[in-house]
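Worksheet: the structure to be examined is printed underneath.
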Amino acid sequence: MTKKNPWIAAILNLIFYGAGTMYVGKRVAFGLILTFAMLVVRYVEIEMKLTNLSPEMWPWFVGSLAVAQVACAIDGFNEVKKVNAA
């Protein structure tokens, strides 16, 4: 098995949920689910912004997305390290 770069997985997951997970190749279905979920969330985000629904909730919404993206990036990084060690 070719060794993967953990930083690539982290950056891919940071930019696009699930892309780093698919890059690793162990949990491709999970990566696809994350990608689909991210697309739905981004669609809802755009719709909320365009219709000005609950503007007081925007800091919570954006903050939670940032936390989720960082968590995905850390997960991708750690998953590559585990796969490379095996």
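The table for this structure:
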item	result
Residue identified as open to solvent by 40 Å² or more (accessible area, probe 1.4 Å), on the phi < 0 side of the Ramachandran plot and within 18 Å of the chain's Cα centre (by Cα) among Val24, Val80, Val28	Val28
Hits in segment 22-42 (condition: part of a helix (DSSP H, G or I), out of contact with any Asp or Glu (no Cβ under 7 Å at 6 or more places or on another chain) and touching a residue at least 24 places away in the same chain (Cβ under 8 Å))	Tyr23, Leu34, Val41
Positions within segment 63-72 being surrounded by 11 or more Cβ atoms within 10 Å (Cβ to Cβ), without any contact (Cβ under 8 Å) to a residue 40 or more places away in the chain and not small (Gly, Ala, Ser), in sequence order	Leu65
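The values are calculated or read from the model by the stated rules, or taken from the named source; none is laboratory data. Quick caveat: nothing in here was measured; it's all calculated off a predicted structure. A quick note on method: Cβ atoms are made from the backbone with ideal geometry, for glycine too, and the neighbour counts reach across all protein chains shown. Accessible surface areas use protein heavy atoms only, side chains included; no ligands, DNA or RNA. Shrake-Rupley method; radii C 1.70, N 1.55, O 1.52, S 1.80 Å.
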